[in-house]
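Trainee: Below you will find the structure I want to go over with you.
The values are calculated or read from the model by the stated rules, or taken from the named source; none is laboratory data. A quick note: this is a predicted structure, and the numbers were derived from the prediction, not measured. Every residue, glycine among them, receives a Cβ derived from its backbone with ideal geometry; neighbour counts consider all protein chains shown. Quick note on the areas: whole protein, heavy atoms, side chains included, nothing else; ligands and nucleic acids left out. Shrake-Rupley method; radii C 1.70, N 1.55, O 1.52, S 1.80 Å.
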Amino acid sequence: MIQIYNTLTRKKEEFRPITGGEVKFYVCGPTVYDYFHIGNGRSFINADFIRRYLEYRGYKVTFIMNVTDVDDKIIKKANAEGVESAVIAAKYTQAFFEDLAKLGVKPATVHPKATEHMKEIIDIIKRLEEKGVAYNVKGDVFYDISRFNGYGKLSGKNIDELEAGSRVEVNEIKKHPLDFSLWKSAKPGEPFWESPWGNGRPGWHIECSAMSSKHLGETFDIHAGGSDLIFPHHENEIAQSEACFGKTFANYWIHFGFLNIDNTKMSKSLGNFFTVREILEKYPAAAIRLFFAQTHFSVQLNFTQEALEAAAKGSEKMQNLKDSLASYIQTAPENGSVFPVDEYRAKFNEAMDDNFNTPNAVALLFDFIRDVNRHLDKEEKLSKVSAAEVLKFFDETAGGVLGLFAARETGNSGREDDVIRLLLEIRSDLKKEKNYRLSDVIRDRLKEIGIEIRDSKEGTTFRKL
Ligand code: AMP
Ligand code: ZN
């Protein structure tokens with residue numbers, strides 16, 4: 001049984017989806033005004049680990065990650081560059097999809113865009129207004145937090161504490177300092193949409209209430225995001241959706257710890273960030289993923305080049321075992337010893353069932369690599385069937401759940417191996433024709449690029465050094 005630490009109840013709970021066998025999962029995506037940084041990347045990759053694990057456990061996961069494509073920051077950048085806000089949003093939405101794919105993050109079932117949900121956004125605001133929870137001041141519509149009893153339940157604070165702890169904008173027209181914008185009246189030079197309150201654009205929080213209910217329903221299973229979003233963003237999403245629909249919004253709330261640099265949160269505004277693009281020039285996605293998997297998502301993590309270097313070596317070890325196993329299977333005997341793969345699968349599941357404990361799962365996988373390698377060196381050879389089971393487990397966990405095989409994520413490994421096998425076939429024909437000079441050239445040149453060929457009675461295998 002999967003246990004999830006729920007920010008809302010502040011305890012670990014057994015995961016029970018609304019519909020058996022299915023998970024409805026929403027994650028707050030990026031505001032597309034720039035390339036995303038490796039701190040944002042940490043949240044997206046952690047969400048990906050959880051989604052992939054739920055799929056591995058047999059759930060049908062509807063995974064929604066939105067794109068905030070209308071926002072103050074986008075407008076500011078567009079004005080600075082003298083272009084329409086939609087141009088900036090389109091450019092960085094495209095970049096977001098590219099970078100996400102390079103990180104090996106599976107695309108969401110749907111990546112909804114705020115600008116394509118104006119009808120749903122306006123509908124919710126209208127209902128809130130009808131219920132007396134929203135008020136209109138000359139085209140600016142605000143949420144009246146005094147009308148929602150549960151305000152503060154996610155962050156665990158009462159209204160006075162929240163007010164003291166947050167930098168709320170001073171705004172004469174609001175009834176309460178913590179009231180927030182649902183609809184902002186159009187200002188010169190800003191994109192706008194028609195609405196019952198005049199031309200304007202939505203506030204950030206209402207976008208997520210509208211997109212989540214559209215794609216997942218009025219109540220869904222899991223809502224996740226970085227821990228900076230607990231207040232006010234997620235608190236406000238709850239206030240909006242629960243006041244509008246009169247139902248629980250999300251059953252489990254998962255929050256990701258920050259990626260820090262020198263113990264300070266990595267952020268655009270502080271300028272202490274590296275973009276995912278920059279990092280991917282130096283390190284494979286598998287190294288970045290392993291670096292994140294080695295620390296639990298709930299705690300803060302310091303970014304260092306040294307840690308990434310170490311993770312790069314670790315991900316090579318993962319890839320090497322996969323390659324050695326694939327090669328070993330080609331010539332493995334039908335009868336032979338059996339590796340206790342079920343024990344490792346049980347331990348892997350135990351680690352991940354416990355609030356998706358990736359660091360324990362990774363530690364287990366490194367033990368597994370060591371033990372399989374020892375086994376492969378033994379006199380009594382591993383049988384073909386057992387070796388295939390070992391590879392299947394490793395492929396499903398290190399590969400399928402955590403995405404730790406660099407080449408696999410970029411889709412090159414399979415093709416590279418096919419090319420090597422093709423060369424081995426040609427070499428074998430050359431040997432039959434007694435063209436030993438050319439067959440040796442193939443062997444020596446492959447060795448030079450780090451691929452070692454081994455000839456034996458059973459045939460030829462290769463190993464990446
Ligand atoms: P934004 O584009 O700023 O709305 O952020 C997109 C996602 O990245 C949100 O879920 C944020 O909580 C998350 N995020 C932003 N900065 C960091 C960081 N330094 N570490 C981890 N997650 C972050
Ligand atoms: Zn959101």
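Trainee: Tell me, please, whether a residue that is open to solvent by 10 Å² or more (accessible area, probe 1.4 Å), modelled with pLDDT of 95 or more and within 16 Å of ligand 1 (Cβ to nearest atom) can be found in region 189-196.
Mentor: So far as region 189-196 goes, no, none of its residues is open to solvent by 10 Å² or more (accessible area, probe 1.4 Å), modelled with pLDDT of 95 or more and within 16 Å of ligand 1 (Cβ to nearest atom).
Trainee: Output the qualifying pairs, or none if there are none: Cβ atoms under 9 angstrom, residues six or more apart or on different chains, first residue in region 434-457 and surrounded by fewer than 10 Cβ atoms within 10 Å (Cβ to Cβ), second residue assigned to a helix (DSSP H, G or I).
Mentor: Arg437/Leu430; Ser456/Thr331; Lys457/Thr331
Trainee: A further question follows. Would you confirm whether or not region 4-24 contains a residue that is touching an Asp or Glu at 6+ places or on another chain (Cβ under 6 Å) and within 16 Å of ligand 2 (Cβ to nearest atom)?
Mentor: yes
Trainee: Still on this model: Output the number of residues of region 3-19 satisfying the condition of being in a loop (DSSP other than H, G, I, E, B), open to solvent by less than 70 Å² (accessible area, probe 1.4 Å) and either more than 19 Å from Ser212 (Cβ to Cβ) or touching a Lys or Arg at 6+ places or on another chain (Cβ under 8 Å) (or both).
Mentor: Qualifying residue count, region 3-19: 3.
Trainee: Restricting to region 276-308, what's the tally of residues that are within 12 Å of ligand 1 (Cβ to nearest atom) and closer than 21 Å to Thr31 by Cα? Show your work before the answer.
Mentor: To start, the set of residues in region 276-308 that are within 12 Å of ligand 1 (Cβ to nearest atom) comprises 276, 292, 295, 297-303.
Filter once more, keeping what is closer than 21 Å to Thr31 by Cα: 276.
Of the residues in region 276-308, 1 are within 12 Å of ligand 1 (Cβ to nearest atom) and closer than 21 Å to Thr31 by Cα.
Trainee: A further question on this structure: How about region 185-219: which of its residues are within 13 Å of ligand 2 (Cβ to nearest atom) and not in a helix (DSSP H, G or I)?
Mentor: Within region 185-219, Pro202, Gly203 qualify.
Trainee: Restricting attention to region 94-107, does a residue exist that is outside any helix (DSSP H, G or I) and within 12 Å of ligand 1 (Cβ to nearest atom)? Lay out the reasoning, then the answer.
Mentor: Here is the first cut: in region 94-107, the residues outside any helix (DSSP H, G or I) are 103-107.
Next, only the ones that are within 12 Å of ligand 1 (Cβ to nearest atom) stay: none.
No, region 94-107 has no match at all.
Trainee: Which is crowded, with 24+ Cβ neighbours inside 10 Å and either farther than 23 Å from Arg52 by Cβ or in contact with a strand residue (DSSP E or B) (Cβ under 7 Å, 6 or more places away or on another chain) (or both), of Phe303, Phe273, Phe297? It would help to see each step written out before you state the result.
Mentor: Numbers: Phe303 fails: crowded, with 24+ Cβ neighbours inside 10 Å; Phe273 fails: crowded, with 24+ Cβ neighbours inside 10 Å.
Unique residue meeting the criteria: Phe297.
Trainee: Condition (residue is away from ligand 2 (no atom under 16 Å from the Cβ), part of a loop (DSSP other than H, G, I, E, B), buried (at least 19 other Cβ atoms within 10 Å of the Cβ) and not small (Gly, Ala, Ser)) applied to region 37-57: is it met by at least one residue?
Mentor: If we filter region 37-57 for residues that are away from ligand 2 (no atom under 16 Å from the Cβ), which is where we start, we get 37-39, 41-42, 45, 48-57.
Going one step further and asking which of them are part of a loop (DSSP other than H, G, I, E, B), we end up with 57.
Next, from what is left, pick out any that are buried (at least 19 other Cβ atoms within 10 Å of the Cβ): none.
Within region 37-57 (the criterion being away from ligand 2 (no atom under 16 Å from the Cβ), part of a loop (DSSP other than H, G, I, E, B), buried (at least 19 other Cβ atoms within 10 Å of the Cβ) and not small (Gly, Ala, Ser)), the answer is no, since none of the residues qualifies.
Trainee: Considering region 240-275 alone, what residues qualify as being at negative phi, more than 10 Å from ligand 1 (Cβ to nearest atom) and part of a loop (DSSP other than H, G, I, E, B)? Talk me through it step by step, then tell me what you get.
Mentor: Here is the first cut: in region 240-275, the residues at negative phi are 240-245, 247-261, 264-270, 272-275.
From the residues that got through so far, the ones that are more than 10 Å from ligand 1 (Cβ to nearest atom) too are 240-245, 247-254, 274-275.
Hits for region 240-275 are Lys247, Thr248, Phe249, Phe274.
Trainee: Based on what the data block shows, is Met352 within 13 Å of Phe49 (Cα to Cα), open to solvent by less than 20 Å² (accessible area, probe 1.4 Å), touching a Phe, Trp or Tyr at 6+ places or on another chain (Cβ under 7 Å) and touching a residue at least 40 places away in the same chain (Cβ under 8 Å)? Write out each step before concluding.
Mentor: Values: within 13 Å of Phe49 (Cα to Cα): yes; open to solvent by less than 20 Å² (accessible area, probe 1.4 Å): yes; touching a Phe, Trp or Tyr at 6+ places or on another chain (Cβ under 7 Å): yes; touching a residue at least 40 places away in the same chain (Cβ under 8 Å): yes.
It is true that Met352 is within 13 Å of Phe49 (Cα to Cα), open to solvent by less than 20 Å² (accessible area, probe 1.4 Å), touching a Phe, Trp or Tyr at 6+ places or on another chain (Cβ under 7 Å) and touching a residue at least 40 places away in the same chain (Cβ under 8 Å).
Trainee: Since Asp34 meets every condition but one in (1) surrounded by fewer than 22 Cβ atoms within 10 Å (Cβ to Cβ); (2) within 16 Å of ligand 2 (Cβ to nearest atom); (3) under 23 Å from Ile279 (Cα atoms), which condition does it not meet?
Mentor: Looking at each condition in turn, Asp34 falls short on (2).
Trainee: Here's a follow-up. Going by the structure shown, is Phe25 part of a strand (DSSP E or B) and within 16 Å of ligand 1 (Cβ to nearest atom)? Full working, then the answer.
Mentor: On the way: part of a strand (DSSP E or B): yes; within 16 Å of ligand 1 (Cβ to nearest atom): yes.
So Phe25 passes the test.
Trainee: Quick check: is even one residue across region 286-302 among the small types (Gly, Ala, Ser) and part of a loop (DSSP other than H, G, I, E, B)?
Mentor: At the first step, the residues of region 286-302 found to be among the small types (Gly, Ala, Ser) are 286-287, 293, 298.
Then drop every residue that is not part of a loop (DSSP other than H, G, I, E, B), which leaves 298.
Within region 286-302 (the criterion being among the small types (Gly, Ala, Ser) and part of a loop (DSSP other than H, G, I, E, B)), the answer is yes, since at least one residue qualifies.
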